[in-house]
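Working notes, structure below.
The values are calculated or read from the model by the stated rules, or taken from the named source; none is laboratory data. Quick caveat: nothing in here was measured; it's all calculated off a predicted structure. Note: ideal-geometry Cβ built from the backbone for every residue, glycine included; neighbour counts use all protein chains shown. Note: areas computed on protein heavy atoms with side chains; ligands, DNA, RNA excluded. Shrake-Rupley method; radii C 1.70, N 1.55, O 1.52, S 1.80 Å.
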Amino acid sequence: MVTNSGNWRPPTDVYESDNCIVVKVEIAGMSQDKFDITYFKNILSISGCRTDENLTGKSFHQLEIGYGDFQTSIEINSSIQVEKADATYQNGFLIIRLPKLKPKSIQVK
């Protein structure tokens, strides 16, 4: 489930492999220190602000690129290892990897 609480929401893909859940956000024009990523009660929240100083004082014929504050939240329905999660930002994509928690076997004695 993906919801929008900010002014706009970047396109977001969520998929999983055997080992992890991957969240891929298309968000060009940002620097990696401008993202705020939190995980609380099975909700991954990604927010930030994309700005462009060249927008002021212009008369636009078309404006489709989202600027300003954004936020997107994804409900994660799998148990994950939050302490091993990582995020990378490259070529306009923010990629967050959430390793799945492996079930532990309990031996009967």
Would you point out the residue of the stretch 6-42, among those that are open to solvent by 60 Å² or more (accessible area, probe 1.4 Å) and polar (S, T, N, Q), that is nearest to I65 (Cα to Cα)?
N7
Return the residue satisfying two criteria in turn: it lies in the stretch 28-41 and is in contact with a Ser or Thr (Cβ under 9 Å, 6 or more places away or on another chain) and either modelled with pLDDT of 95 or more or in a strand (DSSP E or B) (or both), and of such residues it is farthest from G92 (Cα to Cα).
Y39
Residue under question is K24, and the condition is that it be assigned to a strand (DSSP E or B) and of a type in the set (K, R); does it hold?
yes
If we only count strands (runs of 3 or more DSSP E) wholly inside the stretch 43-101, which ones have 2 or more residues that are of a type in the set (D, E, K, R), loosely packed, with under 11 Cβ neighbours inside 10 Å and at pLDDT below 90?
none
